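Below is one structure, written out as structure tokens; the observations come after it.
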Amino acid sequence: MFARIAGKPTKLAPGHRKAIAFYTAYHTLVLDGRVADRARSGDRMRRRPMTEQPNLEIPGELRTIAETSIEQARKALDSLIGAAHRAIDETEHRVDTAQGGVRELSRKTIGFAEANVAASFDFAARLAKARTLDEWVKLHSEFAMEQTRRFSEQAKAISASGAAFAKAAEPKRASAKAKG
């Protein structure tokens, strides 16, 4: 006698034949017998319509856990959205400050350029009126010292504007902590 064991045809020893016969008889009598008993008693195994299914209720503890989880998730999302709004407000403040600082710095540099060009034209006009070489050297020396002083003042003004701009652009940590 042959049987399939692990998908391979295998020759069975006489003792194995008895075991397989017992296993087959057990299933026929015990397991299949239950089905046969039900069939004889008229209680056929059939599917019940959905309306006849038992009413399964979700336990209260599980509903409480779900409600708590949803509330915690909602609070976390609200916190995240609040943080995003604060970040946007801070970014807008920084951008506005940066634009104001750049605008002010641009106006100052244009003003300095106008002043420097005007001074150069004045120097050229005075130089054109010079009668001697000594007068020309004196005018040139005065102009060079005047330009050096002017450039120094302009550099200090630009530096002060840059420092004020940087200070204004710093994040407001105290106000951010107070909001949070």
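Key figures for this structure:
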item: Contacts under 8 angstrom Cβ, first residue in region 77-102 being touching a residue at least 60 places away in the same chain (Cβ under 8 Å) and among the β-branched types (Val, Ile, Thr), partner loosely packed, with under 12 Cβ neighbours inside 10 Å and not in a helix (DSSP H, G or I), 6 or more apart; result: none
item: Single residue of region 121-173 satisfying the filter (under 30 Å from ASP96 (Cβ atoms) and basic (Lys, Arg)) that is farthest from the chain's Cα centre (by Cα); result: LYS156
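We did not get these values from a lab; they are worked out from the coordinates using the rules stated. Everything numeric in this text was worked out from a predicted model, so none of it was measured. So basically every Cβ, Gly included, is an ideal-geometry build from the backbone, and we count neighbours across all protein chains shown.
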